[in-house]
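Colleague: One structure, pasted below without further comment.
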Amino acid sequence: MDAKNSSEDSSNPIQKNTKTSLSVSNLQLAVNAILNLASKIGGVYSIVRSVDHESDIYRKISKIQKDIKKTADNAQKGILNLLEIEKSVDDISELSNNVIRKKVYNPLISDDLVFMTTNCVIDTKKALSLSRIALK
């Protein structure tokens, strides 16, 4: 067996350790992305709650916050559920589109809220991508 073949051997302990380290690193990146997203969703929730706690937007962000908190709690335990994260992408995208549409008719909706919900969409997609990589 030559040196090239031995480095490609899956029983090579160095290669196994490298793969394990990458898996742990990928998992930690995904968990951090989900926790970051949960924090940002909490910020959106706080803004909406303080401004208009009887609106459709409030009801949606309230549900999203509960769902993402559950997802984040599970992620901290090392449990990544792609279906939950994919649902979050859909829910947060819908919320962001709703905020943008309502902003057209109601200039009192803050630009910060539009910016924050748009960034949450991006962060949710990032968390989903990192979770997919971690689960490969």
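Colleague: Within a Cβ distance under 14 Å of S129, other residues only, what is the Lys/Arg minus Asp/Glu net charge?
Modeller: +2
Colleague: Here is a follow-up. How large is ³J(HN,Hα) for each residue in region 55-64, as worked out from phi by the Karplus curve 6.51 cos²θ - 1.76 cosθ + 1.60 (θ = phi - 60°), to whole Hz, x for Gly and Pro?
Modeller: For region 55-64, the Karplus curve yields 8, 4, 4, 4, 4, 5, 5, 4, 5, 4 Hz.
Colleague: Charges at C-beta only: +1 for Lys and Arg, -1 for Asp and Glu. How large is the resulting dipole of region 19-136 about its Cα centre, in Debye rounded to 20?
Modeller: With only Lys, Arg, Asp and Glu charged at Cβ, the dipole is about 360 debye.
Colleague: Still on this structure, I have one more. Of K60/K136; K70/K126; K66/K102; K40/K60; K77/K136; K66/K125, which pairs sit farther than 20 Å apart, going by alpha carbon to alpha carbon?
Modeller: Among K60/K136; K70/K126; K66/K102; K40/K60; K77/K136; K66/K125, the Cα-Cα distance tops 20 Å for K60/K136; K66/K102.
Colleague: Could you tell me which residue out of T118, G78, N106 lies farthest along the dipole of region 13-134 toward its positive end? Charges go on the beta carbon: Lys and Arg +1, Asp and Glu -1, centred on the Cα centre.
Modeller: Looking along the dipole axis, the top candidate is G78.
Colleague: Could you run the Karplus curve 6.51 cos²θ - 1.76 cosθ + 1.60 with θ = phi - 60° over region 98-106 and give me ³J(HN,Hα) per residue in whole Hz, x for Gly and Pro?
Modeller: Per-residue couplings from phi come out as 5, 4, 5, 4, 5, 4, 4, 9, 10 Hz.
Colleague: With θ set to phi - 60° and the Karplus curve 6.51 cos²θ - 1.76 cosθ + 1.60, what are the ³J(HN,Hα) couplings of region 123-136 in order, to the nearest whole Hz, using x for Gly and Pro?
Modeller: Per-residue couplings from phi come out as 5, 5, 5, 5, 4, 5, 4, 5, 5, 4, 5, 5, 8, 5 Hz.
Colleague: Projecting each Cα onto the charge dipole of region 19-70 (Lys/Arg +1, Asp/Glu -1 at the beta carbon, about the Cα centre), which of I34, Y45, S23 comes out farthest on the positive side?
Modeller: S23
Colleague: Ranking D56, D67 by Cβ neighbours within 10 Å, fewest first, what do you get?
Modeller: Least to most surrounded, the residues fall as D56, D67.
Colleague: Quick check on packing: order 95-108, 23-36 by the mean number of other C-beta atoms within 10 Å, highest mean leading.
Modeller: Per-residue Cβ counts within 10 Å, averaged per peptide and sorted highest first, yield 23-36, 95-108.
Readers should treat all values here as calculations from the given coordinates under stated rules, not as data from a laboratory. Since the structure is predicted, the reported quantities are computational estimates derived from the model, not experimental observations. Virtual Cβ from ideal backbone geometry, glycine too; neighbours counted across all protein chains shown.
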